[in-house]
Amino acid sequence: MSTSTRPRRPHGELKQAMRYFLAQHDGPASIKQIQDGIGPTVGEAPSSSYRSALQDTRYFERVERGVFQLRSDTANHRG
């Protein structure tokens, strides 16, 4: 059985980059905008990884289908 393995990214790297991007972005952003905005920094990641990370309601809130923003009570939190 042959499987290609790719190195795993550090835990939380994608989510942290998404939080930083949305904090700097003016208003809500689509998943595509987020992918395009942080892709050069974090490299390639499956779309499912973005969608999964955006389900963390501690940091993100869904504005409409495929559009997210930082929760207002965490926008200035750097934790």
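The values are calculated or read from the model by the stated rules, or taken from the named source; none is laboratory data. From a predicted model like this one, the values you see are computed outputs, not experimental measurements. Heads up, the Cβs are rebuilt from the backbone with ideal geometry, glycines too, and the neighbour counts pull from every protein chain shown.
Observations on the structure shown:
- Within region 14-41, the set of residues being touching a residue at least 24 places away in the same chain (Cβ under 8 Å) and more than 16 Å from F60 (Cβ to Cβ) comprises T41 only.
- Of all residues in region 33-55, those being of a type in the set (S, T, Y) and out of contact with any Leu (no Cβ under 8 Å at 6 or more places or on another chain) number 4.
- In region 44-61, the residues that are over 15 Å from S30 (Cβ atoms) and in contact (Cβ under 8 Å) with a residue 12 or more places away in the chain reach residues that are surrounded by 12 or more Cβ atoms within 10 Å (Cβ to Cβ) and hydroxyl-bearing (S, T, Y) with C-beta atoms within less than 8 angstrom, at least six apart or across chains, in these pairs: R58/T74; Y59/T74.
- Filtering region 39-58 to residues that are over 8 Å from the mean Cα position of the chain (by Cα) and either among the β-branched types (V, I, T) or not in a helix (DSSP H, G or I) (or both) leaves T41, V42, G43, E44, A45, P46, Q55, D56, T57, R58.
- Taking the conditions (1) over 18 Å from G12 (Cβ atoms); (2) modelled with pLDDT under 95; (3) not hydroxyl-bearing (S, T, Y) in turn, Q33 satisfies each one other than (2).
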